[in-house]
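Notes follow the structure.
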Amino acid sequence: MKRHYVYPAVFHHEDTGFSVFFPDLKGCQTQGETIEEATLMAQEALGLYLECLIEDEKAIPPASNPKSLSLSGDDFTAMISVDIFAYKNKSNGKAVKKTLTIPAWLNEEAEKQHINFSSVLQEALIEKILR
């Protein structure tokens with residue numbers, strides 16, 4: 001599984017701000033009163049959409065080249081990115097207790113070096129998942 005995803009989003013000026021949609025992701029759309037808010041909402045919508053695809057084990061479509069998109073009026077594109085692991089951590093970052101067993105000598109050495117076992121395990125799991 002990839003960690004970072006980047007998709008072009010189309011911004012359309014409305015009377016009340018900006019609507020945003022992702023041409024490559026059917027039904028993925030949002031809005032915001034300002035460019036800044038619309039961009040933040042687009043990141044959130046992208047993260048949620050991709051998280052749902054991943055959970056449902058559906059294929060993640062490739063991103064289009066923004067130059068190939070046809071725009072109308074004052075519409076414009078912006079590239080929106082999401083770190084799916086950071087998004088998942090934000091949306092479901094509750095801690096889960098796990099019990100593990102390691103050799104006593106390894107435990108002693110790690111404690112001498114003040115190693116945080118939880119951090120090491122999280123980093124190792126993310127590395128393993130990304131392979």
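Within region 3-60, the set of residues being in a strand (DSSP E or B), hydroxyl-bearing (Ser, Thr, Tyr) and touching an Asp or Glu at 6+ places or on another chain (Cβ under 8 Å) comprises 7, 30.
Screening the candidates 83, 74, 24 for the property of being touching a residue at least 40 places away in the same chain (Cβ under 8 Å), loosely packed, with under 10 Cβ neighbours inside 10 Å and of a type in the set (Asp, Glu) yields one hit, 74.
Would it be correct to say that residue 97 is free of Cβ contacts under 8 Å to residues at least 24 places away in the same chain and over 23 Å from residue 127 (Cβ atoms)? No; evaluated as a whole, the condition is false for this residue. No other residue among 62, 103 is farther than 30 Å from residue 16 by Cα and touching a residue at least 24 places away in the same chain (Cβ under 8 Å) apart from 62. Checked against the criteria, residue 120 does not count as touching a His at 6+ places or on another chain (Cβ under 9 Å) and not small (Gly, Ala, Ser).
All of the numbers you see were taken from the coordinates with simple rules; none came from a lab. Keep in mind the model is a prediction, meaning the values are calculated, not measured. Here the Cβ is made from the backbone with ideal geometry for all residues, glycine too, and neighbour counts use every protein chain on show.
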